[in-house]
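The values are calculated or read from the model by the stated rules, or taken from the named source; none is laboratory data. In this text the structure is predicted, and so the values were computed from the model without any measurement. Glycine also receives a Cβ, built like all others from the backbone with ideal geometry; neighbour counts cover every protein chain displayed. Surface accessibility is based on the protein's heavy atoms, side chains included, excluding ligands, DNA and RNA. Shrake-Rupley method; radii C 1.70, N 1.55, O 1.52, S 1.80 Å.
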Amino acid sequence: MQDLMASSGEFADFNLLNPFYKYGGGLQGPTQTNQNTLNLSSSLTRHNSRLLIQTVQACCCRTIHCDAKLKDPFTLAQRDLKSLYDDIRKELFVSKELKSLCDYYFDGKGKAIRPMIVVLMARALNIHSNRDGDLLPGQRAIAMISEMIHTASLVHDDVIDGSDKRRGKKTINEVWGERKAILAGDFILSAASMALARIGNTTVVKVLSQVIEDLVRGEFMQLGSKENENERFKHYLEKTFKKTASLIANSCKAVSILVNSDPEIHEIAYQYGKNVGIAFQLVDDVLDFTSGANQLGKPSAADLKLGLATGPVLFACQQFPELHAMIMRRFSSKGDVDQAWKYVLQSDGVQQTTYLAQRYCQEAIRQISMLRPSAERDALIRLTEMVLTRDK
């Protein structure tokens, strides 16, 4: 990883592009910021960015394990996930109306990315720890809990954002109203907490409780903004960790705790989940611009409409300073959304955000490669490529 960073010229000292850099309370390892390295310098320019993107593409994820027959993650995890949603619905056995609300998103049509990562990580760790690859009951429970926490957060997010569509159908708040949606999200979280308590491991309870705290703090961070550009990017990445990556990172760490007592193994699992999680959200932020343009022929710009400045906008602001005022007023003036969308596509914002996601995936691969070779480990390597190339 250090060699890759050195080959990136001026970016080598830019910690915001360094996956080793850690943010936020509750994270392990150093958290102090060297303010000199937070300078968004002239290296973020159109001329340099294309060269950098070409460099990182030449160092494709697969070249790190060119001898590995990378397995399909979905195929490998299918056996352990096939009854996932049935098990979740059993946890939500309540009155008919509340059950209808809670079951609404647990229809088996979701991608189940988070429990899939947890299952693959658990099996890879079991093999690394000289066990067979089968899941322990507690590990399977953590995979289920991760999907429950994620879904509860979606229910609450849809209320906060006033969303009317989710996964191709009306949101819970659109069908049943905001009050019942909030209660449904709360109940899913409570059911997840009960399942977590039954695992009977206090360290695992503490690790996954951190996820709930991070989700709330991340949502509050999303409601705010920073005047200073350096602080704004740090704020964005920390928010991204708390809202998206913390759940994956801590779930991976939790399954490692159940099978291995070595803190270094726990850190490997945590760092893989953290880096993949941040990369996943960065790609999501890119797709908010590119999927609408390519598939619809018009801007999607859902984040801009919510007043959110994501990676592509923050990078674009380096080339179009006019975006600064729009960011501070959360794109609330007439024409802001359309103009900001145009600035982003005229800039290198999308490319730079994609490059940043690639760097996080490279670090995820570096971490998981420390485990003993297995089909599951190789599937987790393959997953980083799928994260980067997905189009929805």
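Evaluated against (1) under 14 Å from the mean Cα position of the chain (by Cα); (2) surrounded by fewer than 24 Cβ atoms within 10 Å (Cβ to Cβ), V276 falls short on exactly one condition, (2). Looking at the structure I just gave you, is Q346 open to solvent by 30 Å² or more (accessible area, probe 1.4 Å), more than 19 Å from D284 (Cβ to Cβ) and touching a Ser or Thr at 6+ places or on another chain (Cβ under 6 Å)? It is false that Q346 is open to solvent by 30 Å² or more (accessible area, probe 1.4 Å), more than 19 Å from D284 (Cβ to Cβ) and touching a Ser or Thr at 6+ places or on another chain (Cβ under 6 Å).
Restricting K253, K239 to residues that are farther than 30 Å from A325 by Cα and either crowded, with 22+ Cβ neighbours inside 10 Å or modelled with pLDDT under 95 (or both) narrows the list to K253.
Going through K239, K226 one at a time, which residue ends up being without any contact (Cβ under 8 Å) to a residue 24 or more places away in the chain and part of a loop (DSSP other than H, G, I, E, B)? Let's see the steps before the verdict.
Numbers: K239 fails: part of a loop (DSSP other than H, G, I, E, B).
Only one candidate qualifies: K226.
Here the condition is being in contact with a Pro (Cβ under 7 Å, 6 or more places away or on another chain), at pLDDT below 95 and aliphatic (A, V, I, L, M); of L120, L84, L183, it holds for L84 alone.
Which one of L215, L282 is open to solvent by 30 Å² or more (accessible area, probe 1.4 Å), of a type outside the set (D, E), at pLDDT 95 or above and under 15 Å from the mean Cα position of the chain (by Cα)?
L215
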